[in-house]
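**Q** One structure is given below, represented as structure tokens, and several questions about it will come after.
The values are calculated or read from the model by the stated rules, or taken from the named source; none is laboratory data. On a predicted model such as this, the values are computed, not experimentally measured, just so you know. Cβ sites come from the backbone with ideal geometry, for glycine too, and all protein chains shown count toward neighbours. For the accessible areas, the whole protein counts, side chains as well, though only heavy atoms, and no ligand, DNA or RNA atoms are used. Shrake-Rupley method; radii C 1.70, N 1.55, O 1.52, S 1.80 Å.
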Amino acid sequence: MRLRISHKTTYNYDTPVHYALQQLRLRPRTGHGQTVHDWTTEISGATRQLSFEDQYTNQTDLLLADDGTTHIEVHCEGIVETTDTAGVIGRHKGFAPLWLFENETARTKPGPELRRLARDVANADDTLAQMHALSATIYEQVTYDIGKTDSTTPAETALAAGHGVCQDHAHIMIAAARLLGHPARYISGYLLMEGLVEQDASHAWCEVWTDSLGWVGFDVSNRICPDDRYVRVATGRDYGDAAPILGIRQGMGQEDLHVALQVQQ
Amino acid sequence: MTESKPHLDEMFVSEGAPRAPYELYHDWFSGEDIKHLRRKSAEAEAFFRRIGITFNVYGQEDADERLIPFDIVPRVISAREWARLERGIEQRVRAINAFLHDIYHRQEILRAGRVPKELIAGNEAFLPEMIGVSPPGGVYTHIVGVDLVRTGPDEFFVLEDNARTPSGVSYMLENRETMLQMFPELFTNMKVRPVSDYPRALRRSLAASAPPCVTGKPEVAVLTPGIHNSAYFEHAFLADQMGAELVESTDLRITDGRVSMRTTQGYKPVDVLYRRVDDAYLDPLTFNPESLLGVPGIMDVYRAGNITIANAPGTGIADDKALYSYMPDIVEFYTGERAILQNVPTWRCSEPDALKYVLDNLADLVVKEVHGSGGYGMLVGPAASKRELATFEKKLRARPANYIAQPTLALSTVPILTQKGLAPRHVDLRPFVLVSPNEINITPGGLTRVALKKGSLVVNSSQGGGTKDTWVLGE
Amino acid sequence: MLGRTAGGLFWMFRYLERAENTARLIETGWRIALTRSERAETEWESVVTTAGLRDAFLAKYDSFDPQSVVNFLLRDRDTPSSVLCTLSAARSNARMVRTALSSEVWEATNECWMAIKDALSRPVTTRTLPEILAAIRYRTAVVRGALHGTMLRNDIFAFARLGTFIERADNTARILDVKYYVLLPSAAFVGSSMDNTQWETILRSVSADRAFRWLHAGESSPLAIADFLILDQRMPRSLAFCCAEIGDNLAMLEREYGERSPCMDLAQTLCQGFMSRNIDEIFEDGLHEFLSDTLSAAACLAGQIEQDFRFNG
């Protein structure tokens, strides 16, 4: 499938910014069933300082806000050719060891709810069946609901509250998979949605390591394994590692964030 | 805190009979008046206070800026003894750097099963952010301090490695300076190898590790948490001696893809940053977002290869006490040789058998926290009361993996000058090692720390220890 | 040089100068109290006012008795301008910029702090005061001596001197402004002996009584005193002298950095204000107005220096 993506993130500040940095993980790579064509990143109100590949091989850029700016815009655009691999990503690449994805993080620290969840699906025939069951259970127990959680909400909290967004679904699944002894990782990326071109946020799902197939993707929120409508952009142990934009800013003042995303064929 | 085992006295074979390295010193000392030496000793203290060689003790708000007591009797090491130590230290430091490169890349040593994966996987000193980073010249630990204790004429043990930010080198230099001023005649009689080249060697070594993008003379800076840090004196001292800027986090920011310092004429890039700020505080964008001591974005600049950070972040995994007991294997794995320097036998309390042994023999052992430093949170079994032992036993049972235990070694003594003349006290030794892409440089000597209390084994300055000048004799 | 280091040097020397000036103010008050006991309380009040600490003092004490004033100005821990606090701040700044100082300057500053801190660890009494004031004068002079004798004449030196002279100009202008009324021609009409005392106080608080007598052969007049303290370029605490020093040090920075900064224009304007007028004109335009203008111009210049050389970012 040939997907055309346009992703515009806009920050408006009520007072001029004197020193702010933004770390972008917004460049998809070719590989794992996707080929990237003509990817561009246009920036206004800030200047790219450098680019590097992080420990999870994410293509990362560091931006410095222009002194005194009140407006920063990051516009990514390009075409990604995808093939349907039924969620199978396969072998592990890069220096980050598999065991790193077994470790808990602040957002995926297990509590009683997560332990219960993991226990409920523990008796499965194999990893794959277990993970499908886990994904389905999370979908049932955690209603998709915007505005109840934010990017710092721990999986345990979202699970206990019974609602969240794709990010919370992914965190819960990752935390539970790790409890069951499987390495699991967070994926941020894009999804072509049927009959809906304009989206207001990018998507997130997770991947779990299976000895037979390697990494396999699970999108809890849509109850499927990612197919050719999905574009992987960044990965990590949780949202914190794979966040599209991570910023730090000196001084006071309010920040207003707006995302305009289009994914179309 | 006493210990009665027979031990080596480094100065005397028996009463009045010096060991060979001390012969000349002993001759001189016998001709001196104790009262006069006591006066000299008081002068040294006044001198230290005037030039401000002080440290701040953590957990004592009012008692800011204390002096580390200095003892005027030097510790003397013969050329032969030193040569062997030097070989052992160099081998160990090479292995540490090879280990760090491996652990942040393919982790062959884990694949080979020589070090258990769990020790790294569950270890906070392992920094995922360092995965895949190859620092300029392959140097991870530009500065290493190796803590040694001695139990016999040729028996040295490594007590611990300091691969993060070893401190104390300023005392090594100032102690020598003080001795030179007070007792110049001693240095004309004895061939003591100089230590004063250290700051120049440090600068050379840091400059040699500059990132490849640097074309001219590399700009070296020392990053300090500020004047309230316990080691501020040392930070200022080293910056001064190296002719490098002493910067705080507020002086630094990102400009043009580099880390730059704010000068009176604008921002200027730093090529090599000798940082005396812990990993966790180094970059609020990457690590602790609350940190005010760090430089946001510096890890990004580092990964992009535009700055050298000394020591590299994440080197703590090499001096972690949980890994310490594997050091002989680590040395062998990377150098293909047997370790020249011995380790102190160590029980890892994470292992059930070891834990049982430790609990059964608690009163005879020294138990340390895996991540502790500065002598805090440790138990010296033979010196502990029944109640202290019982309290510690509870801690051990609650978090066994947090502790290691070692036998109380019969540490060597060197005399100090007391009111009544010479009296033996236990010592350790921290030589300082500089690593650059082309050489390993070990300053002859190091910092000798001495437990000033009779019989005490704890030499940390925060726990009532003092220091001595360390003399390595020439051939 | 780091901007923070420049700022540290600037403030280190401002604080040293301030400590010295406060000691000199106390010394003057002390002398008046000894010789003219009937005026003592008013005099102590004006000492506190000149130090800019009137409100802070009255928050703690009811009356301006010598014991309270002296201990407040010397050793009050809550008052940033007390000698104890200023010297502590001077030393903290010295520690911060230690790599920019010669070891002599650092050691003199450290010893100054240790000695004065020790001397001020007990309440100051009539008996101990002269000795303490002498110690402050002596110790700060040793620092200045070390600065002159051992430091390179580069930007480091320039920032140290700028701090000294900005503070000194501020101090001299403040002393004059608190007592400007006794220098007005109208005050002379009263013709009482009070004025002589007041004139002497002014001269003493800038250590200029002997120099003035020597230059004016014992004859004093308000106009001559004002002229001496404002416009006389030979007098090291006069406003004109401070201004010229500030100008010279900024000119040195301009040469060294090869760049002219806005503060240099401000300093030039300030200097011209002194060069272009004589004392009669200043009185004609209003002495108080002139002094207020000078005080705010000096503060403005200090702010511009801080900004131009990036003391704080």
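**Q** Counting every Cα pair in the stretch C:153-313, what percent are over 21 Å apart?
**A** 47 percent
**Q** Please identify every one of the trypsin sites (Lys or Arg not before Pro) in the stretch C:224-299 that sits in a loop by DSSP and has no more than 14 other beta carbons within 10 Å of its own beta carbon.
**A** C:Arg234, C:Arg260
**Q** Sort the following peptides by mean Cβ neighbour count (other Cβ atoms within 10 Å, averaged over residues), highest first: C:78-85, B:118-125.
**A** C:78-85, B:118-125
**Q** If you don't mind, another one. Considering only the other residues whose Cβ falls under 10 Å of the Cβ of B:Val301, what net charge follows from Lys and Arg at +1 and Asp and Glu at -1?
**A** Result for the neighbourhood of B:Val301: 0.
**Q** Along the stretch B:108-120, what does the Karplus equation 6.51 cos²θ - 1.76 cosθ + 1.60 (θ = phi - 60°) give for ³J(HN,Hα), rounded to whole Hz, x for Gly and Pro?
**A** Per-residue couplings from phi come out as 4, 5, 6, 4, 6, x, 7, 10, x, 3, 4, 5, 8 Hz.
**Q** If you don't mind, another one. From the phi of every residue in the stretch B:335-347, what ³J(HN,Hα) in whole Hz does the Karplus formula 6.51 cos²θ - 1.76 cosθ + 1.60 yield, where θ is phi - 60° and glycine or proline is x?
**A** Ordered by residue, 3J(HN,Hα) equals 9, x, 10, 6, 5, 6, 8, 7, 8, 6, x, 9, 9 Hz.
**Q** When Cβ neighbours within 10 Å are restricted to other protein chains, what is their mean count per residue of peptide C:107-116?
**A** The mean count of partner-chain Cβ atoms within 10 Å per residue comes to 2.
**Q** Another question, if that's okay. What's the buried accessible area, both sides, between B and C using a 1.4 Å probe, rounded to 100 Å²?
**A** 2300 Å²
**Q** Tabulate in residue order the Karplus-calculated ³J(HN,Hα) for the stretch B:384-390, using 6.51 cos²θ - 1.76 cosθ + 1.60 with θ = phi - 60°, rounded to whole Hz; enter x for Gly and Pro.
**A** 7, 7, 4, 5, 4, 4, 5
**Q** Run down the lysines and flag those whose C-alpha is under 20 Å from the C-alpha of B:Lys321, throwing out any fewer than 8 positions away in its chain.
**A** In chain and number order, the partners are B:Lys117, B:Lys356, B:Lys368, B:Lys395.
**Q** Next question. Amide H neighbours of B:Arg275 under 5 Å, at least 5 residues apart or on other chains, H built in the peptide plane: list them.
**A** B:Leu223, B:Ala310, B:Asn311
**Q** I would also like to ask the following. As an exercise, find the ratio Rg/Rh for chain A from alpha-carbon atoms, using the Kirkwood inverse-distance average for Rh.
**A** On the Cα set of chain A, Rg over Rh gives 0.97.
**Q** How many percent of Cα pairs in the stretch B:346-408 exceed 17 Å?
**A** Counting pairs separated by more than 17 Å, the tail of P(r) holds 27 percent.
**Q** Sticking with this structure for a sec: At 1.4 Å probe size, with every protein chain present, just tell me what the per residue accessible area of chain B comes to in Å².
**A** Value for chain B: 39 Å² per residue.
**Q** I've got another one for you. Sorting check: for B:347-353, B:33-39, which peptide has the highest mean count of neighbouring beta carbons within 10 Å, and how do the rest follow?
**A** B:347-353, B:33-39
**Q** Continuing with the same structure: Using only the Cα atoms of the stretch C:1-151, what are the Rg and Dmax in Å?
**A** Rg, Dmax (Cα atoms, Å): 16.0, 54.
**Q** A further question follows. Among residues other than B:Asp71 whose Cβ falls under 12 Å from its Cβ, what is the net charge (Lys/Arg +1, Asp/Glu -1)?
**A** Here the charged neighbours net out to +4.
**Q** Hey, another quick one. Enter the accessible area per residue of the stretch C:43-190 (Å², integer; probe 1.4 Å; all protein chains in place).
**A** 40 Å²
**Q** In addition: List every residue whose amide H lies under 5 Å from the amide H of B:Ile131, counting only residues 5 or more places away in sequence or on a different chain, with H placed 1.01 Å from N in the peptide plane.
**A** none
**Q** Ignoring ligands, DNA and RNA, please state the percent of accessible area on the stretch C:153-313 from carbon and sulfur, probe 1.4 Å.
**A** Carbon and sulfur atoms account for 51 percent of the accessible area of the stretch C:153-313.
**Q** Just name one of B:Val139, B:Ile103, B:Gly113: the one whose Cα is farthest towards the positive end of the charge dipole of the stretch B:99-148 (beta-carbon charges, Lys/Arg +1, Asp/Glu -1).
**A** Positive-most Cα among the choices belongs to B:Gly113.
**Q** So, one more: Treating only the Cβ of Lys, Arg, Asp and Glu as charged (+1, +1, -1, -1), what charge dipole size does the protein assembly as shown show about its Cα centre? Round to the nearest 20 debye.
**A** Using only the charged Cβ atoms, the result is roughly 2680 debye.
**Q** Okay, moving on. What is the interface area between chains A and B, defined as buried accessible area summed over both chains with a 1.4 Å probe, reported in Å² to the nearest 100?
**A** Roughly 2100 Å² of accessible surface disappears when A and B pair.
**Q** With Rg and the Kirkwood Rh both taken from Cα atoms, where does Rg over Rh land for chain B?
**A** Rounded to two decimals, Rg over Rh is 0.96.
**Q** While we're here: With a 1.4 Å probe and every protein chain left in place, tell me how much accessible area A:Ser51 has, in Å² to the nearest 10.
**A** 50 Å²
**Q** Please list, ordered by chain and number, the residues whose modelled amide H lies under 5 Å from the amide H of B:Asn343; skip anything fewer than 5 residues away on the same chain.
**A** Result for B:Asn343 returns B:Val158.
**Q** Also, quick follow-up: Apply the a/c threshold of 1.5 to the C-alpha gyration tensor of the stretch C:239-289 and tell me whether it is rounded, prolate or oblate.
**A** Since a/c reaches 1.5 and a/b is larger than b/c, the shape of the stretch C:239-289 is classed as prolate.
**Q** What would the Debye formula give as log10 I(q)/I(0) at q = 0.10, 0.16, 0.19, 0.21 Å⁻¹ for the alpha-carbon point model of the stretch A:88-242, no solvent?
**A** Summing over Cα pairs of the stretch A:88-242 leads to -0.30, -0.80, -1.17, -1.45.
**Q** To continue, here is another question. Using only the Cα atoms of the stretch A:34-114, what semi-axes does the equivalent ellipsoid have when each is the square root of 5 times a gyration tensor eigenvalue? Give whole Å, largest first.
**A** Semi-axes from the Cα gyration tensor: 31, 22, 14 Å.
**Q** What ranking do A:17-30, B:77-90 get when scored by the average of other Cβ atoms within 10 Å per residue, highest first?
**A** Highest-to-lowest ranking by the protection proxy: A:17-30, B:77-90.
**Q** Chain C: Rg/Rh from Cα coordinates, Kirkwood Rh?
**A** 0.96
**Q** Accessible area drop of at least 30 Å² (1.4 Å probe, protein heavy atoms): which residues of the stretch B:91-135 qualify, relative to the chain alone?
**A** Buried on complex formation: B:His105, B:Gln107, B:Lys117, B:Ala121, B:Pro128, B:Glu129, B:Ile131.
**Q** How big is the stretch B:152-253 in terms of Cα radius of gyration and Dmax, in angstroms?
**A** Taking only Cα atoms of the stretch B:152-253, I get Rg and Dmax of 17.1, 52 Å.
**Q** A further question follows. Give, as ranges by residue number, the residues of the stretch A:21-38 whose backbone N falls under 13 Å from the point 7 Å along Cα→Cβ of A:Arg91.
**A** It comes to A:32, nothing else.
**Q** Can you give the % of DSSP beta bridges in the protein assembly as shown that are antiparallel, to the nearest 5?
**A** Rounded to the nearest five, the antiparallel share is 85 percent.
**Q** If you wrap a convex hull around the Cα atoms of the protein assembly as shown, how much volume per residue is inside, in Å³?
**A** 217 Å³
**Q** Enumerate the lysines that B:Lys420 could reach by cross-link, defined here as Cα to Cα under 22 Å, with residues fewer than 8 away along the same chain left out.
**A** In chain and number order, the partners are B:Lys35, B:Lys40, B:Lys453, B:Lys454, B:Lys468.
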